[in-house]
Amino acid sequence: MSGLPTASVTETAKVFAGVVAPTLAGGVIKRRPRVMTLLEKMQADASAVQTLQKLRARHGDGLLRLAVPGRSFALVLSPDDVGRVLADSPEPFTPANLEKKKALSQFQPHGVLISEGPERDRRREWTERALETSRPTHHLAPSVRAKVADEFAALGPGPLDWDTFAPVWWRMVRRVVFGDHARDDQATTDLLERLRLSANWSYLLPRRRRLREEFLGRVRALLARAPEDSLAGGLAADDEVASQIGHWLFAFDAAGMVTFRTLALLATHPAQRQQARQDLASGAELGYLRACVLDTVRLWPTTPAILRDTTKELDWHGHRVPPGTGLLVFAPLFHRDDSRLPYAHSFVPEIWLDGQAQEEPSLVPFSAGPGECPAKNLVLFTTATVLATMIGDRDYTVDSSPKPGPGRPLPATFDNFSLRLTGHP
């Protein structure tokens, strides 16, 4: 059994310069607005995908080891291998990857994503129970719907940018997660933002233990008062639960970015906007809007780098993969693979409704397998409900550039922070 095919030092340098460095610079844990604006101008994801497509053409679509000193690390280049790696998590492909643990321990030291063994099983089980992972619609849906309507009714016609949208989004999120008493607790959200910005640096910054304890203390206090109509209602006010709720808030940040981008797509795609409104008028359960959100995440993944570590030695098509090997699934490579997907650069919510997307094991907007995001259904319901509220009686135009319209390839990198719209009655 031979070792994995290995990229040359030059090829590895190109991967780090064209794929890894832009991803890290944009902020893996917390996006950096100024850098995202620059990456959009560069269309950095397009260059990253082309770099990996060339490597795949040269070396084949098996695992490709990078020439990284002191660390066994490989790229996943095959769609089928993406399916295998995610389906066989957490053993032998653990989501508690070395780099991920270093980053996420800044604000969720007891989080499911960086837990292993029986601890992971126990934390995943109660997380799925609290988020009602297996149900298409959470039992708190009426409460969520009311809180969305209450907050987003204030966003009437007129200019709309990220700085206007985000505070409304976060007021709604805090009410959904903790209850109405947390509506204006911006201080807790700000603490989490500071911790996540530190987490972007993974190994390079020391743990901000005092800041983390302040954040977890505030979350525990909010938990102690959480009413029954909130996600936190009835949960223990301890560090383990507070740590996991830190991840819920992290996920809701990404969901806000997706919602704002989806609004821009609906503003510029009249056929999809009309279909969404027809679904709303028919009383459908937001199925088409959920598909719109899914396709937005396909186009611009909020987790572009999916990481796993091998827990034991593996035979990979006749090649030896040592234990502790880091594996990188770069989602844009597969979501925007125009060598395979005719819809790679188009907004096509229909693929999530007609079975096309489910036939592709590498289309993973919420990851997949046992490590799939446990809040997937809750996030889809919440984001679709916000969009239903916003497009119900308003049209929007996109005032910024690039405009993500039909008839031409959508941008590979799309910066929500510089996106500007106008709402019209």
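Just a few scattered comments:
- Residue pairs whose Cβ atoms lie under 7 Å apart, sitting 6 or more positions apart in sequence or on different chains, and linking a residue in region 273-291 that is over 20 Å from Q358 (Cβ atoms) and basic (K, R) to a partner that is open to solvent by less than 40 Å² (accessible area, probe 1.4 Å) and not in a loop (DSSP other than H, G, I, E, B), are R273/L266; R273/I391; R277/I391.
- Residue match in region 9-19 (condition: of a type in the set (S, T, N, Q), exposed (fewer than 15 other Cβ atoms within 10 Å of the Cβ) and part of a helix (DSSP H, G or I)): yes
- Residues that are out of contact with any Leu (no Cβ under 8 Å at 6 or more places or on another chain) and assigned to a loop (DSSP other than H, G, I, E, B), drawn from region 184-213: D184, W201, L205, P206, R207
- Some residue of region 160-170 being farther than 22 Å from V28 by Cα and among the charged types (D, E, K, R): yes
- Counting the residues of region 25-77 that are surrounded by fewer than 20 Cβ atoms within 10 Å (Cβ to Cβ), among the small types (G, A, S) and either out of contact with any helix residue (DSSP H, G or I) (no Cβ under 8 Å at 6 or more places or on another chain) or free of Cβ contacts under 8 Å to residues at least 12 places away in the same chain (or both) gives 5.
- Pairs where the first residue, in region 220-244, is without any contact (Cβ under 8 Å) to a residue 40 or more places away in the chain and the second is part of a helix (DSSP H, G or I) and open to solvent by 20 Å² or more (accessible area, probe 1.4 Å), C-beta under 6 Å, 6+ apart: A237/R220; A237/A224; A242/R220
- Residue satisfying all of: in region 333-357; open to solvent by 20 Å² or more (accessible area, probe 1.4 Å) and of a type in the set (A, V, I, L, M); nearest to C292 (Cα to Cα) among these: V348
- Boolean, L52 is under 26 Å from P365 (Cβ atoms) and touching a His at 6+ places or on another chain (Cβ under 9 Å): no
- Boolean, G234 is under 28 Å from L419 (Cα atoms), out of contact with any helix residue (DSSP H, G or I) (no Cβ under 8 Å at 6 or more places or on another chain), outside any helix (DSSP H, G or I) and modelled with pLDDT under 95: no
- Among residues that are more than 20 Å from R123 (Cα to Cα), of a type in the set (D, E, K, R) and not in a helix (DSSP H, G or I), D229 is included.
- Selection status of F178, surrounded by 14 or more Cβ atoms within 10 Å (Cβ to Cβ) and over 20 Å from the mean Cα position of the chain (by Cα): yes
- Scoring P167 on the criteria (1) modelled with pLDDT under 95; (2) open to solvent by 10 Å² or more (accessible area, probe 1.4 Å) leaves a single failure, condition (1).
- For E91: the one exception among (1) closer than 14 Å to P370 by Cα; (2) outside any helix (DSSP H, G or I); (3) open to solvent by less than 70 Å² (accessible area, probe 1.4 Å): (3)
- Of all residues making up region 15-24, the number that are more than 29 Å from Q108 (Cβ to Cβ) and in contact (Cβ under 8 Å) with a residue 60 or more places away in the chain: 0
- Candidate set from region 282-297 (those that are farther than 14 Å from N377 by Cα and at pLDDT below 90); member that is farthest from the chain's Cα centre (by Cα): S282
- Answer from A254, A236 - the residue that is among the small types (G, A, S) and either under 30 Å from D295 (Cα atoms) or touching a strand residue (DSSP E or B) at 6+ places or on another chain (Cβ under 7 Å) (or both): A254
- Qualifying positions in region 1-23 - closer than 19 Å to S202 by Cα and modelled with pLDDT under 95: none
- Within region 141-154, the set of residues being open to solvent by 20 Å² or more (accessible area, probe 1.4 Å) and not basic (K, R) comprises P142, S143, A146, A149, D150, A153, A154.
- From A291, A284, A264, residue being over 30 Å from L63 (Cβ atoms) and open to solvent by 20 Å² or more (accessible area, probe 1.4 Å): A284
- Within region 296-332, the residues that satisfy the criterion of being open to solvent by less than 20 Å² (accessible area, probe 1.4 Å) and assigned to a strand (DSSP E or B) are I306, R308, D309, T310, L314, W316, V321, G326, L327, L328, V329, F330.
The values are calculated or read from the model by the stated rules, or taken from the named source; none is laboratory data. Treat the numbers as computed from the prediction; the structure is a model and nothing was measured. Positions of Cβ are backbone-derived with ideal geometry, glycine not excepted, and every protein chain shown enters the neighbour counts. For accessibility, only protein heavy atoms count, side chains too; no ligands or nucleic acids. Shrake-Rupley method; radii C 1.70, N 1.55, O 1.52, S 1.80 Å.
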